Every structure is written in C-alpha cells, then in structure tokens.
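Visitor: The structure is given below, and queries will be raised subsequently.
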Amino acid sequence: MVVKVKGHKRSGGKVKVKAHKRSSPHVDDLPFKAGDDVKKKSGSKKYSAGLKSMAKREPKPKYKVGDVVGLAGSTKEIRLTNFYVERGVPKWEGMVIPVRGSIEVPIYVKEEDIRKLKKIDSKEKVFPADFKREVRFVDKEGKAVRLDIEYGRTVPSQDPDFSISGDRAGSSGQVTFVPKNKAQEELNALWKKYHLKSDIPFSMEQDVDDLIARIKDAEDDEQDDLGLDGWQLTAMKELAEETGETFTDAKDESYDNRFQDRDGLYLEGAGEYIVFESYDDAENACRDYVEEQLEEEPELFTQSWLDNYREINAGDIRFIADDLTEMDMDRSDDELKEEAESRGIDVPDDYEEKDDYAWRDELRDEIYNDHERELERDGKGYLVDDMGLYTEEDFNKQGFVHIDTKEASESAVREDGVAHFFAGYDGNEIELPSGAYAYRVN
C-alpha cells in the first residue's frame, strides 16, 4: 500500500511515521519528508524508505518541444512549444502552422489527444516566412500585365511553394509576358527558376520587393517624357499605378468625337483612357456630349424614355392655338352663344338685329387662351390624350415637335452616370487619389 507521509514522532528512540494520503506537513531530518510516497510492508507497521516522490512520478512528455504533429482526421499541423501538467493531466501548448494567407494561432491539446497525432520529424526543414506581393506593368508588346507573387503552403501537409500567376490582356492563370526592360527580364527569370518550388532563398521576400520597385521605376521613367505637368502628370501616374498601364501618348483630345474639346486628358497605352481633373468636369463634358447626340442622332436613344422630353416649339404654340380656336369657332351661333353664356360672357338678345358680335370676339379670346395654356403645360398630352388629334407615333413625327435636349441630357447623365457614356470598354469609373476621374474608352 502506498500512502503519503503526514508527519512523524519519536518514541523510545525510534522514529515513527504518521501517514495519510491527503496531507503533507513539513518534516525535517528524516528519510521521509512530508509529501513523499512510502510503501507499507504487508502485515507490518514499518515503511520502506527510498521511494520516489510524487513530483518525480509525474507523466513524462511523449514528444519534444519543436516537434511538428498533425491531428488525425484534420489538415492542421501543430508545432509543439511547451509541455505542462494540469491537475494531473499532461498537456501540450503549440502553434498551428499557417497555410498560405493565414496566420499562426495558439492551440492547447491533451496528452491523450496527442497520442492520436502523427509525429513528424522535429528536424524538418525550416522555410522562409510566407509573403504575397502584386506587380503591374506593360510588357514589350504593349499588353497590361498584373501578377501575384507569393510563397506559402497551399496544402497544410505539404511544403510551402513559390508561385507567380495573374492576368495579361484578358488571359488569366499562368500567363507569360514579353519583357521590355532588364527589371522585367529578372522577374521572368525568377519565375522560371523558382515557380512551384519550396527551396528558395531566405532573402526572397526582400528581393521581390526590390525587383518590384525597379519595375515601377522603369514604368515611371517611360512616362515622365510625355510633356505633362500639373494635375495631368499626377493623374497619369496615379492611373498607371491603378491599372498597370504604361502610357505612350498623351493629348487633349482624340480621334473619338466624344472627347474632343471636353477639357479632358486623352491617354494611350495598351488601353485608351479619358481623364478629367474632377468629377464635375467629367459630368459637364458628358452632358455636353449627350446633348449633341440627342440633337444629331436621337434614334440612338430609347424612344419611350425620349418621349418624356418631346415638346412643341414655343414659336409654334400660338399657331396651333389659332388653328384649334378656329376649329372651335366653326359652330352655329346658337352653340357659340350657349358656350359664351356658360363662360359668363354677356350675349345681347338682339345681337343679330344690331349686328353686335363683340361677344364672339371675347369668346374667341378665351378659347385661344385656354388652348395656349394647355399646349404650354403639356402639348403632347393635350393633343394626343385630351383632344385625340394624333396618335403618339404621329405626334412625334410632326414638324412642330422637338426634343428638350438640355433637360434630357441632364436626366440621362444623372440616371445612368458618366461611365455609361464614356467608359465604352468596361463601363467602369476610376476615381484617382488626387480627385481626378478616368474612363477606359478602348
């Protein structure tokens, strides 16, 4: 039987041990000390000395600090960092090894769970830290290139690897490009040498940063020779950074009449862009363009929408009002007299004998004013819906009908936005850090 020393007493020159498995007072100068485990001989009151203390009998770790283990039924891998015993239960503390794009996180597991883990050699290779970078540029063929350069694990149980992928001129994935300068050639060589490999220099992250800086500097050097300054130079550099373009020409207008005399900057590279100093400038230029289109080619617009902005020419309203008035006055005297009286116009009983037709002139004036007022308010609705003189289609064909291009253009830009009309390539609006706005037109 194993018990725990409680204390001792001397009796007749002999040391006697008091034992209790739950208590541990201090004892000096004895073979046993409080807290020791001792074994009582069967059928005897004596205790044998030299047994190990409870502290020395705590569980020993089955793994070593630095070991990498993998949870059964899980893709997680853990690097063990500390062993400890909590209330008699052996436990491990460790860090979950991150896969590409994640970070290290701590984890705590029991020894009984660790027995289910797959032990991995603690002397495994040490790899550089994960990293990811993006680079944009235009290659020798004038194609815009965007590449992701990264190093890390894509599968937790496998070694990390180095990869470069991206897109070029509409193609994506493992695209190739044609280098146009030394920096781009170095990037191409780096790709060929290390792509999908685990063994890379520990300096790779800094090397990649330096290479990207040289690629960008080469792009900037090419663009500084376009003769721009002020907001235009700033906007061009910002757009180059945003799109990865290298612009080879810059001018105030283009062959596209949408952008001629619009107070914008026209840039040519792999793509073609129109850039404005502010959104207000872009919006004003767009309204002017849409207004011109409405005047020259109204058939390009949705006619049902355009009908909302068709109206009668102001100079034609009085002629139409005259015609409508004559139509109304072409009735018998009795009918005219009845309407005049309904309007409160005094009609003499003997107007025929006295040849007094002043009331007819007053009636004519009132009828004319009514027509003129309604035509000015809603000429189309009045002639088509109220009077039924035209179908909607016939009304739109009349020579006295025109389009309020100013109001229509303002409405079109307000509802659809500038990019709808200017960004013919992708419909996107690019807001630059300086406050300039750019649109890819081709």
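Bear in mind these aren't lab numbers, they're just calculated from the coordinates by the rules spelled out. Note that the coordinates shown come from a computational prediction; the quantities given were computed from them, not determined experimentally. A quick note on method: Cβ atoms are made from the backbone with ideal geometry, for glycine too, and the neighbour counts reach across all protein chains shown.
Visitor: Give me the number: length gained by fully extending PHE127 to SER332, i.e. 0.36 nm times residue separation minus the C-alpha to C-alpha distance, one decimal in nm.
Guide: So the chain would gain 63.1 nm between PHE127 and SER332.
Visitor: Now a separate question. In whole Å and largest first, what semi-axes does the C-alpha gyration tensor of segment 341-442 yield when each eigenvalue is scaled by 5 and square-rooted?
Guide: 56, 15, 9
Visitor: Using a Förster distance of 60 angstrom, determine the FRET efficiency expected from the C-beta separation of ASP316 and ALA169, and round it to 0.05.
Guide: Working: r = 55 Å, r/R0 = 0.91.
Rounded to the nearest 0.05, the efficiency is 0.65.
Visitor: Apply the Karplus curve 6.51 cos²θ - 1.76 cosθ + 1.60, θ = phi - 60°, to the phi angles in segment 295-302 and return the couplings in whole Hz, x for Gly and Pro.
Guide: 6, 8, 9, x, 5, 6, 9, 5
Visitor: Taking only the alpha-carbon atoms of segment 131-223, what semi-axes of the equivalent ellipsoid follow from 5 times the gyration tensor eigenvalues under a square root, in whole Å, largest first?
Guide: Working: eigenvalues 112, 45, 21 Å².
Working from the Cα gyration tensor, I get semi-axes of 24, 15, 10 Å.
Visitor: On alpha-carbon atoms, Rg over Rh for segment 314-399 using Kirkwood Rh?
Guide: My calculation puts Rg/Rh at 1.07.
Visitor: Then there is this: Please give me the summed charge of the neighbours of GLU352: other residues whose Cβ is under 13 Å from its Cβ, Lys and Arg +1, Asp and Glu -1.
Guide: Numbers: positive: LYS337, LYS354, ARG360; negative: ASP333, ASP334, ASP349, ASP350, GLU353, ASP355, ASP356.
Charge balance in the 13 Å sphere: -4.
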